[in-house]
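K.L.:
Okay, handing you the structure first.
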Amino acid sequence: MTSSFDKVYAVTGGARGFGLSITSTLLNKGANVGIIAKNEDSIENAIEELNADSVFGVAADVSDPGAIQEALAVISDHFGAFDGLICNAGLARPSPIAMLDSNDVHLQIETNLLGTIFSCQAAIPLLSQSSNPRLITISSASACHPDEMSHLSVYAASKAAVERFTRDLREELQGDGIGVSCIRPGGAVTGFADQWDPDAFSDAFEAWRDHGEYMDTGMTVTEVANAVWYCLNQPVGTAVDLLEIRPNQRVSKSVF
């Protein structure tokens, strides 16, 4: 496999959860990383925690095509190169379908799906000078497995759409030598639900508990970050297509 030492990658949603772990892993492997997040304070906190000279942050809303284009250009200019993008930014707002709030529907689709589309569009021209250019999208096990958290219909649908979009992206960019991969992670402790409405989360949790006796557990954010690293370091002319990584320890939901 090729080495990513001194490579330059951007990670959307890179200030927390999977994104922060991905950023940390890439830095530890010797890469330069630009993190993109909506909130400047979260970027500052992440950079302080990472404590690395080779990390740089830009605040941008991935659902704004102009903003993400500018953010990626700034990262490329800052490091003098650009080798890959990890489209990790995403969010969920749990709700039964009959009670979906239209603003929450728009927020999830605009961030998870449109944000991925616009980010990839902005990255493509910047990858032309890389010796091993990569685009990685992040899906979710919720897109195809019914035993994930309940009341996440719009989130799951947006991630399923990300997978379908990535399939065409892979085919269209083969002629440009850009390796395109989609990673489908299962559940891990990420703080993903920290911004959920407590009542909505409680209802979703109870519905999930009624959806089968057992759950899979045991995966950490590091395993997902290592999966990203694996995809980035495939040799030129080879790309991981779809990689699913899920926890593999069964426990009873009654413990919760």
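The values are calculated or read from the model by the stated rules, or taken from the named source; none is laboratory data. Quantities reported herein were computed from a predicted structural model and do not represent experimental measurements. Here the Cβ is made from the backbone with ideal geometry for all residues, glycine too, and neighbour counts use every protein chain on show.
K.L.:
Run down GLU172, GLU163 and say which single residue is touching a strand residue (DSSP E or B) at 6+ places or on another chain (Cβ under 7 Å), acidic (Asp, Glu) and either part of a helix (DSSP H, G or I) or over 21 Å from ALA225 (Cα atoms) (or both). Write out each step before concluding.
P.N.:
Values: GLU172 fails: touching a strand residue (DSSP E or B) at 6+ places or on another chain (Cβ under 7 Å).
One residue alone meets the criteria, GLU163.
K.L.:
Of these, LEU242, LEU232, which one is crowded, with 18+ Cβ neighbours inside 10 Å and either in contact with a strand residue (DSSP E or B) (Cβ under 6 Å, 6 or more places away or on another chain) or at pLDDT 80 or above (or both)?
P.N.:
Details: LEU242 fails: crowded, with 18+ Cβ neighbours inside 10 Å.
Result of the check over LEU242, LEU232: LEU232.
K.L.:
Can you name the condition, by its number, that GLY186 falls short on among (1) under 22 Å from the mean Cα position of the chain (by Cα); (2) farther than 20 Å from ARG250 by Cβ?
P.N.:
If we test GLY186 against (1) under 22 Å from the mean Cα position of the chain (by Cα); (2) farther than 20 Å from ARG250 by Cβ, just (2) comes out false.
K.L.:
Please identify the pairs in which a residue from the stretch 123-151 that is in contact (Cβ under 8 Å) with a residue 24 or more places away in the chain has its Cβ atom under 6 Å from the Cβ atom of a residue that is among the hydroxyl-bearing types (Ser, Thr, Tyr), counting only partners at least 6 apart or on another chain.
P.N.:
Listed by first residue and then by second, the contacts come to LEU126/SER76; ASN132/THR2; ILE136/SER181; THR137/THR116; THR137/THR166; GLU148/SER142; HIS151/SER95.
K.L.:
Kindly evaluate VAL236 against the criterion of being of a type in the set (A, V, I, L, M) and either part of a helix (DSSP H, G or I) or more than 30 Å from SER128 (Cα to Cα) (or both). So that I can check it myself, show each step before the final result.
P.N.:
On the way: of a type in the set (A, V, I, L, M): yes; either part of a helix (DSSP H, G or I) or more than 30 Å from SER128 (Cα to Cα) (or both): no.
Answer is no for this residue.
K.L.:
Now for a different question. Hey, can you tell me all the residues within the stretch 134-146 that are closer than 17 Å to ARG170 by Cβ and surrounded by 23 or more Cβ atoms within 10 Å (Cβ to Cβ)?
P.N.:
Selection gives ARG134, LEU135, ILE136, THR137, ILE138, SER139.
K.L.:
Can you name every residue in the stretch 207-217 that is surrounded by fewer than 16 Cβ atoms within 10 Å (Cβ to Cβ) and either assigned to a helix (DSSP H, G or I) or at pLDDT 80 or above (or both)?
P.N.:
ALA207, ARG209
K.L.:
List the residue pairs whose Cβ atoms are under 7 Å apart, where the first residue sits in the stretch 222-233 and is closer than 15 Å to ALA188 by Cα, the second is among the small types (Gly, Ala, Ser) and not in a helix (DSSP H, G or I), and the two are 6 or more positions apart or on different chains.
P.N.:
Close Cβ pairs satisfying both conditions: VAL224/ALA188.
K.L.:
Oh, and also: Confirm whether LEU20 is modelled with pLDDT of 95 or more and either assigned to a helix (DSSP H, G or I) or at positive phi (or both). Before you say what the answer is, go through the steps one by one.
P.N.:
Details: modelled with pLDDT of 95 or more: yes; either assigned to a helix (DSSP H, G or I) or at positive phi (or both): yes.
Against the criterion (modelled with pLDDT of 95 or more and either assigned to a helix (DSSP H, G or I) or at positive phi (or both)), LEU20 qualifies.
K.L.:
State all residues of the stretch 189-225 that are within 23 Å of the chain's Cα centre (by Cα), small (Gly, Ala, Ser) and over 22 Å from ASN248 (Cα atoms); if no residue qualifies, say none.
P.N.:
ALA204
K.L.:
Can you go through ALA122, ALA73, ALA52, ALA67 and tell me which one is part of a helix (DSSP H, G or I), out of contact with any Cys (no Cβ under 9 Å at 6 or more places or on another chain) and surrounded by fewer than 17 Cβ atoms within 10 Å (Cβ to Cβ)? Show your work before the answer.
P.N.:
Values: ALA122 fails: surrounded by fewer than 17 Cβ atoms within 10 Å (Cβ to Cβ); ALA52 fails: part of a helix (DSSP H, G or I); ALA67 fails: surrounded by fewer than 17 Cβ atoms within 10 Å (Cβ to Cβ).
Selected residue: ALA73, the only one of ALA122, ALA73, ALA52, ALA67 that is part of a helix (DSSP H, G or I), out of contact with any Cys (no Cβ under 9 Å at 6 or more places or on another chain) and surrounded by fewer than 17 Cβ atoms within 10 Å (Cβ to Cβ).
K.L.:
Next question, about the same structure. On the basis of being surrounded by 17 or more Cβ atoms within 10 Å (Cβ to Cβ) and either in contact with a helix residue (DSSP H, G or I) (Cβ under 9 Å, 6 or more places away or on another chain) or in a strand (DSSP E or B) (or both), does ALA204 make the cut? Talk me through it step by step, then tell me what you get.
P.N.:
Details: surrounded by 17 or more Cβ atoms within 10 Å (Cβ to Cβ): yes; either in contact with a helix residue (DSSP H, G or I) (Cβ under 9 Å, 6 or more places away or on another chain) or in a strand (DSSP E or B) (or both): no.
No; evaluated as a whole, the condition is false for this residue.
A quick yes/no check of all residues on (1) part of a helix (DSSP H, G or I); (2) under 22 Å from SER181 (Cα atoms):
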{"residue": "TYR9", "(1), (2)": "no, yes"}
{"residue": "THR25", "(1), (2)": "yes, yes"}
{"residue": "ILE35", "(1), (2)": "no, yes"}
{"residue": "PHE56", "(1), (2)": "no, no"}
{"residue": "HIS78", "(1), (2)": "yes, no"}
{"residue": "ALA89", "(1), (2)": "no, yes"}
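K.L.:
Can you tell me which residue within the stretch 183-194, out of those that are modelled with pLDDT of 75 or more and not small (Gly, Ala, Ser), is surrounded by the fewest Cβ atoms within 10 Å (Cβ to Cβ)? Before the answer, list the steps.
P.N.:
Within the stretch 183-194, the first condition is being modelled with pLDDT of 75 or more, and the residues that meet it are 183-188.
Next, from what is left, pick out any that are not small (Gly, Ala, Ser): 183-185.
Details: ILE183: 25, ARG184: 23, PRO185: 25.
Here the answer is ARG184.
K.L.:
Of a type in the set (S, T, N, Q) and surrounded by fewer than 16 Cβ atoms within 10 Å (Cβ to Cβ): which single residue out of ASN32, ASN39 fits that description?
P.N.:
Details: ASN32 fails: surrounded by fewer than 16 Cβ atoms within 10 Å (Cβ to Cβ).
After ruling out the rest, the residue left standing is ASN39.
K.L.:
When the residues of the stretch 82-131 are narrowed to those that are among the small types (Gly, Ala, Ser) and out of contact with any helix residue (DSSP H, G or I) (no Cβ under 9 Å at 6 or more places or on another chain), which ends up nearest to SER142 (Cα to Cα)?
P.N.:
Ranking the candidates gives ALA98 first.
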